[in-house]
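Participant: Handing you a structure now.
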Amino acid sequence: VVVASFRTDAIITEIVNKYVLGEKWVHELGKDSDIEHKGAWMFHWTNILLYAAVCYLVVDTVLLPATNAALRSNRRLKEQTVSSKHLGALVAGLWFASHPIHTECVAQLVGRAEVLAALLCLLGTKFHGMAKSQAKSKRPLGMLVSCVAMMICLFLACLCKETAVVLPIVLIGTDIAVALLAPAVSTPKEKGMLVTKPSFPLFAAFCAISVTLGYLAFRSWLFAGHQDLAEDHILIVDNFVLHLSGMDKLRTALYIQAKYLQLLFWPSRISCDYSLGVIEPVFSWTDPSMMLVYGAIIGLLAIVAAALDTLIKTGNSTLVHAIGWTLAPLIPASHIVTIGTPMAERLLFTPSVGVAIMICHFITVLTRGDLKSQVPNQPELPSSVRSSIAIALFCFAVAWFAITTHQRVPEWADSKTIFEADIKKFPRSTKLNIGLARGWWGETADDAAMSYERARKSQEVIDSYGDALTKSPYVIGQPLMAFQQTRTSVWPDARPGESLVQVEKIM
């Protein structure tokens, strides 16, 4: 039993795919490439359909906070918001659907865990909203049913991907912020105006936090006594951050988080791998890489200030909700816990939902007629001008994303094509070099010699950092040792270590 990865729901869907394809395909897997490729369509189309469902729920989710905010405001603002929020939802949905960082999740079978987790989290969020509506309407049975459905969806999401464990906290945090900071709402009654303060849905919050605590307890019990994810068992070519020490590890982890945020908004030079040689360790607070960190912090502070200001003045919790969706799923990937990779694009799948919510909010504000009331002392631009600028900018982004995604999809045809495509952009990548060295030697001794050069290059990158990387049996000589242990068609009878000796003779 492999306890390093426990993603039951995703594995179940893969088993269903194999069952539909039949026993012949399963038995021939890895033996006959033609049969294998003929059966792959089932896995690809399952991923595509799941991704389409996520895109639909993203549009539904970005509409939900805007609708709630409009109902708290006056009638005029509500009418102005209706058309703007649908335009914002359309652009946000297109932005999400065309984002190039999603290609890894949709093209790869392993990425199904992220797609399923996001799908179930979005469903859980929808049921959470229904539970709050039922509570306001004083329908206890409907609230109970919605809370049970929410708990089931969120727990299943955690079984798909561990990062989903923070989403219940996002829902609770948003509700707390609304209850504490949102202004009172005046509603007309027969004998005057009734002023009510937003209430905190205590029962829904209890159900949500029970999912997080229950999953953590279940996981602790299941993994008790296992040390498969101990830091000294993870190779430096897989996650070099774990082999840094002290402040070097902190600075590098902060840079990786800033890099995540950059890829969400500006996905240039994307890669299937972000190992040593693609992401470099940060050894000083004045390192040029830290400029990205400082910029990200300033930007986040500005968005948080805008979110709190909007919530306090208008009761609109959209930005608070978006910040939670964007940042919370990145916490488990921030190296405060042991993970097997320094950085991966697939980990941005759920946070991109939060950015889609932000896009919908900003387009809604820019295209309706009350910008002056939202931004004090700011000259009001004509609504048509604001709409044209906003739509032009986001259409450009969507077009750029779509073109990049179209170019990226063929590169994910298989492991060899994606490795060969990305190593052209990042020739110093230790993992890409060792992956090509171990996996594809070719038919001739020249191919083997070239693979050996890749292994040597990977080793040189690691050795160049000297004592900056902590020493362990899993660090010294990793790529060359891995190369030694690989059997090839060139020397099928070679003993362990003999392949390396023969290649050195050719060199």
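The values are calculated or read from the model by the stated rules, or taken from the named source; none is laboratory data. Computed from a predicted structure; not experimentally measured. With ideal geometry, Cβ positions are generated from the backbone for all residues, glycine too; neighbour counts draw on all protein chains shown. Ligands, DNA and RNA are stripped out before the accessible areas are found, and what is left, the full protein with its side chains, is counted by its heavy atoms. Shrake-Rupley method; radii C 1.70, N 1.55, O 1.52, S 1.80 Å.
Participant: Taking the range 248-305 as the search range and keeping residues that are hydroxyl-bearing (Ser, Thr, Tyr), in contact (Cβ under 8 Å) with a residue 40 or more places away in the chain and not in a helix (DSSP H, G or I), which one is farthest from Thr103 (Cα to Cα)?
Facilitator: Ser275
Participant: Now for a separate question. May I ask you to verify whether Ala157 is outside any loop (DSSP other than H, G, I, E, B), at pLDDT below 85, touching a helix residue (DSSP H, G or I) at 6+ places or on another chain (Cβ under 7 Å) and open to solvent by less than 70 Å² (accessible area, probe 1.4 Å)? Explain how you work it out, then say what you get.
Facilitator: Details: outside any loop (DSSP other than H, G, I, E, B): yes; at pLDDT below 85: no; touching a helix residue (DSSP H, G or I) at 6+ places or on another chain (Cβ under 7 Å): yes; open to solvent by less than 70 Å² (accessible area, probe 1.4 Å): yes.
Here the answer is no, as Ala157 does not meet what is asked.
Participant: For the range 280-298, state whether one or more residues are more than 25 Å from Leu432 (Cα to Cα), hydroxyl-bearing (Ser, Thr, Tyr), surrounded by fewer than 16 Cβ atoms within 10 Å (Cβ to Cβ) and at pLDDT 95 or above.
Facilitator: Scanning the range 280-298 turns up at least one residue that is more than 25 Å from Leu432 (Cα to Cα), hydroxyl-bearing (Ser, Thr, Tyr), surrounded by fewer than 16 Cβ atoms within 10 Å (Cβ to Cβ) and at pLDDT 95 or above.
Participant: Looking at Ala149, Ala131, Ala118, Ala97, which is the one that is free of Cβ contacts under 8 Å to residues at least 60 places away in the same chain and open to solvent by less than 30 Å² (accessible area, probe 1.4 Å)? If you could, list the steps in order and put the result at the bottom.
Facilitator: On the way: Ala131 fails: free of Cβ contacts under 8 Å to residues at least 60 places away in the same chain; Ala118 fails: free of Cβ contacts under 8 Å to residues at least 60 places away in the same chain; Ala97 fails: open to solvent by less than 30 Å² (accessible area, probe 1.4 Å).
Being free of Cβ contacts under 8 Å to residues at least 60 places away in the same chain and open to solvent by less than 30 Å² (accessible area, probe 1.4 Å) holds for just one of Ala149, Ala131, Ala118, Ala97, which is Ala149.
Participant: Considering each residue of the range 94-130, count those that are under 19 Å from Tyr56 (Cβ atoms) and assigned to a loop (DSSP other than H, G, I, E, B), and give that number.
Facilitator: 2
Participant: Quick one: would you say Ile312 is more than 24 Å from Ile462 (Cβ to Cβ), assigned to a helix (DSSP H, G or I), free of Cβ contacts under 8 Å to residues at least 24 places away in the same chain and open to solvent by 60 Å² or more (accessible area, probe 1.4 Å)?
Facilitator: Numbers: more than 24 Å from Ile462 (Cβ to Cβ): yes; assigned to a helix (DSSP H, G or I): yes; free of Cβ contacts under 8 Å to residues at least 24 places away in the same chain: no; open to solvent by 60 Å² or more (accessible area, probe 1.4 Å): yes.
Judged against the criteria, Ile312 is not a match.
Participant: Considering only residues that are open to solvent by less than 30 Å² (accessible area, probe 1.4 Å) and not polar (S, T, N, Q), which ones fall in the range 256-271?
Facilitator: Of all residues in the range 256-271, those open to solvent by less than 30 Å² (accessible area, probe 1.4 Å) come to 256, 258, 260-261, 263-264, 267, 270-271.
Answer for the range 256-271, where residues must be open to solvent by less than 30 Å² (accessible area, probe 1.4 Å) and not polar (S, T, N, Q): Ile256, Ala258, Tyr260, Leu261, Leu263, Leu264, Pro267, Ile270.
Participant: Residues that are assigned to a loop (DSSP other than H, G, I, E, B), modelled with pLDDT under 80, of a type in the set (Val, Ile, Thr) and open to solvent by less than 80 Å² (accessible area, probe 1.4 Å): does the range 453-462 have at least one?
Facilitator: From the range 453-462, those assigned to a loop (DSSP other than H, G, I, E, B) are none; that's our starting set.
No, that holds for no residue.
Participant: A further question follows. Look at the range 107-144 and say how many of its residues are more than 25 Å from His361 (Cβ to Cβ) and modelled with pLDDT of 90 or more.
Facilitator: 1
Participant: Taking the conditions exactly as written (at negative phi, touching a helix residue (DSSP H, G or I) at 6+ places or on another chain (Cβ under 9 Å) and not in a helix (DSSP H, G or I)), does Val170 satisfy them or not?
Facilitator: Numbers: at negative phi: yes; touching a helix residue (DSSP H, G or I) at 6+ places or on another chain (Cβ under 9 Å): yes; not in a helix (DSSP H, G or I): no.
In short, no.
Participant: Still on this structure, I have one more. If I filter the range 463-480 for residues that are modelled with pLDDT of 60 or more and surrounded by 14 or more Cβ atoms within 10 Å (Cβ to Cβ), do I get at least one hit?
Facilitator: As a first pass, look at the range 463-480 and keep what is modelled with pLDDT of 60 or more: 463-469.
The next check asks that each one be surrounded by 14 or more Cβ atoms within 10 Å (Cβ to Cβ); those that pass are 465, 469.
Scanning the range 463-480, I find at least one residue that is modelled with pLDDT of 60 or more and surrounded by 14 or more Cβ atoms within 10 Å (Cβ to Cβ), so the answer is yes.
Participant: What residue, among those in the range 404-431 that are touching a helix residue (DSSP H, G or I) at 6+ places or on another chain (Cβ under 9 Å) and modelled with pLDDT under 85, is least open to solvent (accessible area, probe 1.4 Å)?
Facilitator: Thr430
Quick grid of which residues meet (1) modelled with pLDDT under 80; (2) assigned to a helix (DSSP H, G or I):
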{"position": "Val353", "(1), (2)": "no, yes"}
{"position": "Leu366", "(1), (2)": "yes, yes"}
{"position": "Gly369", "(1), (2)": "yes, no"}
{"position": "Ser373", "(1), (2)": "yes, yes"}
{"position": "Pro376", "(1), (2)": "yes, no"}
{"position": "Ser388", "(1), (2)": "yes, yes"}
{"position": "Phe394", "(1), (2)": "no, yes"}
{"position": "Ala402", "(1), (2)": "no, yes"}
